[in-house]
Each structure stands twice: as structure tokens, then as C-alpha cells.
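To start, the structure itself, in C-alpha cells.
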Amino acid sequence: MTKRKPMVAGNWKMNGSLALVEQLSDAINETKSAELDIVLFPPFPLIPAMLKAGVISGSQTICENEPGAYTGEVDAQLIKDLGAQYTLVGHSERRSIYKENSTTVANKFARAQNVGLTPILCVGESESERENALTEQVVAAQIDAVIEKLGVAALKDSVIAYEPVWAIGTGKTASPEQAQNVHKFIRDKIAALDSNLAQGLTILYGGSVNEKNSESLFAQADIDGGLIGGASLKADSFIAICNSAKGTV
Ligand code: PGA
């Protein structure tokens with residue numbers, strides 16, 4: 001069985017500053033250890049500073065296309081050339097505000113892997129989808145869009161982040177049991193196609209994770225760490241969350 005390593009990722013969204021890079025990177029460098037991957041997703045212009053400060057970083061999105069006439073977009077190869085290792089794809093804010101559908105997200109996933117970035121595929125249901133018992137169907141379809149385009153083997157060099165839309169930025173966290181159920185569903189679904197790959201796959205939980213609830217979430221068998229939004233902008237909270245992930249997978 002492949003051993004998984006916990007990961008805590010910080011998604012700054014459209015927040016942050018050079019001063020915050022300095023503050024948070026100092027704290028991360030003090031808490032870094034071989035038993036935990038810590039990855040930061042600041043806005044594009046702050047990626048070089050974050051990397052220079054010694055923090056593994058990625059972008060919050062990429063363009064799905066090769067370089068060309070796409071005003072305002074950012075090429076994945078440039079992100080990779082900076083020294084970044086990851087990119088988020090399909091974050092719920094990209095899906096809802098910028099109307100990215102699962103086909104676009106699968107194209108971004110493919111483009112990331114083409115240039116050697118590891119995609120973190122974000123999936124999750126809305127509140128009404130959960131109320132209508134559609135959670136598994138929605139999450140499965142979001143993952144299937146990638147599998148149909150690239151085959152299940154493409155998931156080997158990726159991370160999945162389960163982020164229920166109703167829990168993002170709302171303070172309403174999924175309970176550890178609710179989150180574990182969906183994580184197990186995701187792992188079982190992929191295991192039906194490739195069990196070794198599924199066992200080795202890192203699956204993060206995201207949605208109002210803070211230093212008070214992280215320990216019980218990360219203690220769940222199929223939760224391998226977290227994708228942290230708001231709490232990744234505060235060094236104390238983020239470091240406490242990182243520490244609670246050590247030794248949990
Ligand atoms: P939140 O955001 O932790 O502020 O809920 C998580 C995310 O959007 O990745």
C-alpha cells in the first residue's frame with residue numbers, strides 16, 4: 001500500500017501582500033518538516049516572492065491554452081518556469097463566478113500536467129445539491145470529466161480537494177463524518193478503476209477549516225490534509241492547522 005503524506009495548502013484568493021509573504025513564509029519555514037507538505041497559492045504577482053522565501057507554491061488557476069492571443073490570461077508554462085510546482089484547477093469560485101465548466105477544468109488539468117505542474121482538482125456540491133442528495137453524483141461528474149479526457153492514470157500525479165461550496169468562506173464546516181463520507185466515496189470510486197492509485201492519492205478537505213476544527217477533520221481515514229482559504233492569511237491560525245496535520249495520514 002502506498003503511504004500518503006499529509007498536505008496543507010493555503011489559498012490566498014485575491015488577498016495578500018509582499019508584507020504577508022514575508023510574515024507567513026517566516027512562520028512556515030520555522031514549522032516545515034519532512035512529514036508534511038505545505039503549499040501556498042498566492043495571487044500570481046506574489047508567487048516569485050513566495051518561492052524566493054523558500055515556500056513551495058502554485059497558482060490559483062492557469063489558462064487551458066498554449067500561448068497566444070488570450071488577453072489577461074496566464075500561461076501555465078510561465079508559472080512552471082518561475083519554479084512553482086502546483087496549480088489549483090476548478091476552484092468553486094472559478095466555476096461559479098467565471099463560469100468554468102467541467103470541460104474547461106479538465107482542459108486546465110491536462111495543460112497543467114503537460115507543463116509539469118501538479119493540478120489540485122477542486123470538486124464539491126452546492127447547498128441545494130446536498131439537500132437534494134446529489135452530492136455523490138455532482139462530485140463523481142466533476143472527477144469523471146478528467147478521467148474521460150485523460151484516463152484514470154492522469155490522477156496519479158494530481159491531488160483532489162473536496163470543497164463543499166456551502167462550506168467555503170461561510171464558517172459552516174462539513175462535520176468530520178460528512179467530509180469523510182465524501183472522501184471515502186471519491187477514493188472508492190477511483191479504486192474501482194485503479195486501487196493502487198486510489199490508495200496513494202492525496203485528497204484534501206476545504207471549506208472553513210480553522211485551527212479549532214482541523215484536528216478532527218484530519219484525523220479521518222481518507223482526509224489527507226486541507227485546502228485553507230481565510231485561515232491561511234493569518235500566520236498563527238495557518239501554522240496551528242499545519243501542526244495539526246503532522247502525523248495524521
Ligand atoms: P475557506 O476557503 O477556508 O475560507 O472556506 C477555502 C477555499 O476556498 O479553498
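Quick look at the values:
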| quantity | calculated |
| --- | --- |
| Search result, residues across the stretch 21-52 that are surrounded by fewer than 19 Cβ atoms within 10 Å (Cβ to Cβ), under 20 Å from Asn243 (Cα atoms) and aliphatic (A, V, I, L, M) | Ala27, Ala34 |
| Residue in the stretch 27-36 that is within 25 Å of Tyr162 (Cβ to Cβ) and touching a Phe, Trp or Tyr at 6+ places or on another chain (Cβ under 7 Å) present | no |
| Checking Lys172 against (1) basic (Lys, Arg); (2) at pLDDT below 95; (3) part of a helix (DSSP H, G or I), the condition it does not meet | (3) |
| Residue tally, condition surrounded by fewer than 20 Cβ atoms within 10 Å (Cβ to Cβ) and either under 23 Å from Leu201 (Cα atoms) or among the polar types (S, T, N, Q) (or both), over the stretch 114-138 | 10 |
| Pairs with Cβ under 7 Å, 6+ apart, first in the stretch 218-242 and touching a residue at least 12 places away in the same chain (Cβ under 8 Å) and over 14 Å from Pro6 (Cβ atoms), second polar (S, T, N, Q) and away from the ligand (no atom under 12 Å from the Cβ) | Ala235/Gln23; Ile239/Thr31 |
| Failed item, numbered, when Gly90 is tested on (1) more than 19 Å from Val152 (Cα to Cα); (2) out of contact with any Asp or Glu (no Cβ under 6 Å at 6 or more places or on another chain) | (1) |
| Single residue of the stretch 16-30 satisfying the filter (closer than 20 Å to Ser214 by Cβ and within 20 Å of the chain's Cα centre (by Cα)) that is farthest from the ligand (Cβ to nearest atom) | Ile28 |
| Residue in the stretch 169-176 that is more than 15 Å from the chain's Cα centre (by Cα) and more than 13 Å from the ligand (Cβ to nearest atom) present | yes |
| Top-ranked residue in the stretch 231-249 [being touching a strand residue (DSSP E or B) at 6+ places or on another chain (Cβ under 9 Å) and within 16 Å of Asn15 (Cβ to Cβ); ranked as surrounded by the most Cβ atoms within 10 Å (Cβ to Cβ)] | Ser232 |
| Residues that are under 19 Å from Ala145 (Cα atoms) and within 16 Å of the ligand (Cβ to nearest atom), drawn from the stretch 177-203 | Val182, His183, Thr202, Ile203 |
| Subset of the stretch 170-199 (residues that are among the small types (Gly, Ala, Ser), surrounded by 15 or more Cβ atoms within 10 Å (Cβ to Cβ) and within 30 Å of Asp236 (Cα to Cα)) | Ala174, Ala179 |
| Tally, over the stretch 65-95, of residues that are on the phi > 0 side of the Ramachandran plot and either within 16 Å of the ligand (Cβ to nearest atom) or crowded, with 18+ Cβ neighbours inside 10 Å (or both) | 1 |
| The one condition in (1) surrounded by fewer than 21 Cβ atoms within 10 Å (Cβ to Cβ); (2) in a loop (DSSP other than H, G, I, E, B) that Ile62 fails to fulfil | (1) |
| Answer residue from the stretch 145-164, given it is in contact with a helix residue (DSSP H, G or I) (Cβ under 8 Å, 6 or more places away or on another chain) and not aliphatic (A, V, I, L, M) and is nearest to the ligand (Cβ to nearest atom) among those | Glu163 |
| Answer from Leu217, Leu227, Leu233 - the residue that is in contact with a Pro (Cβ under 9 Å, 6 or more places away or on another chain), of a type in the set (A, V, I, L, M) and within 14 Å of the ligand (Cβ to nearest atom) | Leu217 |
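The values are calculated or read from the model by the stated rules, or taken from the named source; none is laboratory data. Just so you know, these numbers come straight off a predicted model, no measurement behind them. Every residue, glycine as well, gets a Cβ built from its backbone with ideal geometry; the counts of neighbours run over all protein chains shown.
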